[in-house]
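K.L.:
Have a look at the structure that comes next, please.
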Amino acid sequence: MNTDGRAEDRADDAVDCSVLVPVFNEERYIEQSVAAMRRQRFGGELEFVFADGGSTDRTREILDALALEDRRIRVFDNPNRSVSSGLNVALRHARGRWVARMDAHTEYPDDYLALGVARLEQGGTRWVSGPQIPRGDNAVSRAVVIALSTPLGRGGSRKWGRAGSGGTEFELDSGIFAGVWERATVLEYGGWDEHWPRNSDSEMAGRFLARRESLICVPAMGAEYAPRGSIPGLWRQYRDYGVYRQRTAARHPHTLRRSHLLAPALVVDAALAVCGPRRLRAAAGAGLCLYVVVVTSAGLRAFATGQGSDALLVPIVLGVMHVGHGVGFIEASVRYGPPLAALASAVGLRRVAAALTPQPEPVFNPSLSAG
């Protein structure tokens, strides 16, 4: 029977793997998402633990009805409403030895859980994930897909994949997408930090990497998601990414790559081109013109290779992604202070970085310990 988070968990239900799913206003997609989750081919008992952040549409009603049909579906309240708090709520109630994060807007292969658990059982890693595969459904989101297929869109991240791509496993840095773990491992690390409503997986990955854990990506576990389908939505997404990339770098300096600095450098260059000292304006303007040429060329190349008229939006999409990320990073640096240790680490000043590295902070996880 379904529970609302106040009833006691049933101790007599043996569970091997718990799927953790934060949701909020997912009425349009939730039935399809649950159906896909229930198709998982897994040699053990599953449960699907949903944490609802106070949905104002029919999401909760639909989930409650589905829970009456399938005892594996359990629904709890997520009063703090963020993704990270929802994951902690679900983790708190999970009963499986293994846990996996799944998002309602993402399509996972039917053997996602089986592959993840099998790889964990091989040893050598305590975090297994698959590539993030973008799949567009309108002109803007399809342009994002094209952009993410280029080095300009991916940056230095290795988490991006393409449908049907295979290959051998590889290691990731803090750029990571969801995953499968042993529940005891996630509890050992304190779950997801609720000060990170965005990029909480990256922050947690920073804690894993600080202990020199290997984060393994298995190509066959690639999961498809729909990128933002509007320019304003894309801007908000990447601005948030920039804010929480800066905050992750401040807490975990080793997670900042040099490529993360290109977006804020672009914003600084653009500002100097417009209102900088006269001696710098010309050089900054030249740099800005070079950037426009580069992103325009990326769109034209995509168009020339038969990717359709959506490719003509690629320069705009890349600009929004880069400037949004850069603005967010700079805003966070002004508000919280620049991540000096991370900047020193990124440019190879290891001794300086070590001297500036802050002491580890406790994980803020009230939803994990709530009664």
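The values are calculated or read from the model by the stated rules, or taken from the named source; none is laboratory data. No experiment lies behind these values; they were computed from the predicted model shown. Cβ atoms come from the backbone with ideal geometry, glycine included; neighbour counts cover every protein chain shown.
K.L.:
Given the criteria outside the structural domain of residue 80 (by TED's automatic domain parsing), touching an Asp or Glu at 6+ places or on another chain (Cβ under 7 Å) and either modelled with pLDDT of 95 or more or part of a helix (DSSP H, G or I) (or both), does residue 240 qualify? Walk me through how you get there before you give the answer.
P.N.:
Details: outside the structural domain of residue 80 (by TED's automatic domain parsing): yes; touching an Asp or Glu at 6+ places or on another chain (Cβ under 7 Å): no; either modelled with pLDDT of 95 or more or part of a helix (DSSP H, G or I) (or both): yes.
Judged against the criteria, residue 240 is not a match.
K.L.:
Could you grab me the full set of residues in the stretch 91-130 that are in contact (Cβ under 8 Å) with a residue 12 or more places away in the chain and among the acidic types (Asp, Glu)? Step through it out loud before you land on a result.
P.N.:
Step one: list which residues in the stretch 91-130 are in contact (Cβ under 8 Å) with a residue 12 or more places away in the chain, which gives 91-117, 119-120, 124-130.
Hits for the stretch 91-130 are 103, 107, 110, 111.
K.L.:
From the list 198, 228, 183, which residue is in contact with an Asp or Glu (Cβ under 8 Å, 6 or more places away or on another chain), surrounded by 17 or more Cβ atoms within 10 Å (Cβ to Cβ) and not aliphatic (A, V, I, L, M)? If you could, list the steps in order and put the result at the bottom.
P.N.:
Values: 228 fails: in contact with an Asp or Glu (Cβ under 8 Å, 6 or more places away or on another chain); 183 fails: in contact with an Asp or Glu (Cβ under 8 Å, 6 or more places away or on another chain).
Just a single option satisfies the conditions, and that option is 198.
K.L.:
Identify all residues within the stretch 58-99 that are assigned to a helix (DSSP H, G or I) and more than 23 Å from the chain's Cα centre (by Cα); write none if there are none. Walk me through it before giving the result.
P.N.:
Taking the stretch 58-99 first, the residues assigned to a helix (DSSP H, G or I) are 59-69, 83-93.
Selection gives 60, 61, 62, 63, 64, 65, 66, 67, 68, 69.
K.L.:
What number of residues within the stretch 263-299 are assigned to a loop (DSSP other than H, G, I, E, B) and surrounded by 12 or more Cβ atoms within 10 Å (Cβ to Cβ)? Before the answer, list the steps.
P.N.:
Going residue by residue through the stretch 263-299, those that are assigned to a loop (DSSP other than H, G, I, E, B) are 276-277.
So of that shortlist, the ones also surrounded by 12 or more Cβ atoms within 10 Å (Cβ to Cβ) come out as 276.
Total satisfying the criteria: 1.
K.L.:
Right, next: Assuming residue 323 fulfils every condition listed in (1) in a helix (DSSP H, G or I); (2) touching a Gly at 6+ places or on another chain (Cβ under 7 Å) apart from one, which condition is it?
P.N.:
(2)
K.L.:
Name the pairs: first residue in the stretch 348-368 and free of Cβ contacts under 8 Å to residues at least 40 places away in the same chain, second residue aliphatic (A, V, I, L, M), Cβ to Cβ under 6 Å, at least 6 apart or on different chains?
P.N.:
Once the first residue is free of Cβ contacts under 8 Å to residues at least 40 places away in the same chain and sits in the stretch 348-368, its partners that are aliphatic (A, V, I, L, M) give 352/344.
K.L.:
Could you give every pair whose Cβ atoms fall below 6 Å, whose first residue belongs to the stretch 166-179 and is touching a residue at least 40 places away in the same chain (Cβ under 8 Å) and closer than 13 Å to residue 119 by Cα, and whose second residue is among the small types (Gly, Ala, Ser) and part of a strand (DSSP E or B), counting only separations of at least 6 or pairs across chains?
P.N.:
Between residues of the stretch 166-179 that are touching a residue at least 40 places away in the same chain (Cβ under 8 Å) and closer than 13 Å to residue 119 by Cα and residues that are among the small types (Gly, Ala, Ser) and part of a strand (DSSP E or B), the close pairs are 179/129.
K.L.:
Being small (Gly, Ala, Ser) and farther than 20 Å from residue 318 by Cβ is the filter here, so list the residues in the stretch 272-295 that pass it.
P.N.:
Keep residues of the stretch 272-295 that are small (Gly, Ala, Ser), which gives 273, 276, 282-287.
Residues satisfying the conditions are 276, 282, 283.
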